[in-house]
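Have a look at the structure below before the remarks.
The values are calculated or read from the model by the stated rules, or taken from the named source; none is laboratory data. Here the structure is a predicted model, which is why all the values come from computation and not from measurement. Neighbour counts run over all protein chains shown; Cβ positions are idealised from the backbone, glycine included. Ligands, DNA and RNA are excluded from the accessible area calculation, which covers all protein heavy atoms including side chains. Shrake-Rupley method; radii C 1.70, N 1.55, O 1.52, S 1.80 Å.
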Amino acid sequence: SLYPQEKIYLQTDRSTYIPGDIIWFRAHLVDALLLKQANASRYVYIELIDPAEQIVQRVKLRPDSIGCFHGQVLLDEELAEGNYTLRTYTRFMQNQGEDYFFNKSVRITHPLSAGISPIVNYTMNGDKVDVEIYFQDKTEGHKITPEECIIYPDGHTKEKSKTLSFKEETARYSFSTKGNHAPKAFQLKAVLNDRKYIGFFAIPSAEQPFHASFFPE
């Protein structure tokens with residue numbers, strides 16, 4: 001009673017979306033001890049975070065007449081493909097730190113991925129990660145050379161970029177994994193058969209520990 005805590009859970013209508021979709025959700029805010037509806041916080045914050053750990057959108061919700069939090073996020077039509085995170089919290093929960101936030105993973109898929117698959121292979125080379133990139137036709141299985149392909153090493157178009165050259169239908173690039181500012185993900189923008197593809201790809205690090213998840217079933 002002296003130091004109350006809140007717990008929050010975000011329920012979404014789906015786990016996979018395409019650019020331009022709407023993410024419908026409801027946030028369940030309860031007292032951490034009694035697991036009953038909490039009324040201490042007047043607002044709930046939902047943030048959509050991309051694979052490069054940048055906030056794409058933020059929504060601020062007030063409860064309705066019966067104390068429920070529900071709303072939606074309209075996804076940009078130019079949103080890149082990748083695994084995004086919906087982070088949910090209240091101002092009260094910020095006092096305890098981000099360990100008390102609720103994080104939910106959602107997948108944004110690009111419509112072009114239904115027929116063409118981007119393939120990215122990594123090789124650890126000391127303090128570097130060597131990357132091989134090519135595009136493959138899912139139906140026929142052969143490689144496709146894009147008309148144009150730009151890589152954004154830090155994950156965003158505001159940072160430096162480089163046009164990739166596809167020799168033998170494969171492009172190559174190297175990332176440095178030294179230091180705390182090593183990029184978490186890179187972004188590709190490619191034009192294939194006069195259609196644009198945009199996608200995020202996580203960059204592995206030898207220093208990162210392994211993570212295991214277990215499902216109830």
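With respect to (1) open to solvent by 80 Å² or more (accessible area, probe 1.4 Å); (2) part of a strand (DSSP E or B); (3) β-branched (Val, Ile, Thr), the lone exception for Val106 is condition (1). Of the residues making up region 7-51, those that are open to solvent by less than 20 Å² (accessible area, probe 1.4 Å), at pLDDT 90 or above and not in a strand (DSSP E or B) number 1. The one condition from (1) assigned to a strand (DSSP E or B); (2) surrounded by fewer than 18 Cβ atoms within 10 Å (Cβ to Cβ); (3) of a type in the set (A, V, I, L, M) that Val59 does not meet is (2). Restricting region 62-75 to residues that are among the aliphatic types (A, V, I, L, M) and open to solvent by 60 Å² or more (accessible area, probe 1.4 Å), the residue that is farthest from Arg14 (Cα to Cα) is Ile66. Within region 108-136, the residues that satisfy the criterion of being within 20 Å of Asn83 (Cβ to Cβ), touching a residue at least 24 places away in the same chain (Cβ under 8 Å), of a type in the set (A, V, I, L, M) and out of contact with any Gly (no Cβ under 8 Å at 6 or more places or on another chain) are Leu112, Ala114, Ile116, Val120, Val129, Val131, Ile133. Glu78 fails exactly one of the following numbered conditions: (1) touching a residue at least 60 places away in the same chain (Cβ under 8 Å); (2) open to solvent by less than 80 Å² (accessible area, probe 1.4 Å); (3) within 29 Å of Arg14 (Cα to Cα). What is the number of that condition? Result: Glu78 fails condition (2) only. In region 109-122, of all residues being surrounded by fewer than 19 Cβ atoms within 10 Å (Cβ to Cβ) and of a type outside the set (Ser, Thr, Tyr), the one that is nearest to Phe25 (Cα to Cα) corresponds to Pro111. In the set Ser213, Ser174, Ser165, only one residue is open to solvent by 50 Å² or more (accessible area, probe 1.4 Å), more than 20 Å from Asn83 (Cβ to Cβ), without any contact (Cβ under 8 Å) to a residue 60 or more places away in the chain and not in a strand (DSSP E or B); that residue is Ser165. Within region 78-98, the set of residues being basic (Lys, Arg) and assigned to a strand (DSSP E or B) comprises Arg87 only. Among residues of region 137-159 being open to solvent by less than 80 Å² (accessible area, probe 1.4 Å) and either touching a His at 6+ places or on another chain (Cβ under 7 Å) or in contact (Cβ under 8 Å) with a residue 40 or more places away in the chain (or both), the one that is farthest from Leu188 (Cα to Cα) is Ile144. Report yes if Ser15 is touching a residue at least 24 places away in the same chain (Cβ under 8 Å) and of a type outside the set (Asp, Glu), otherwise no. Criteria met by Ser15.
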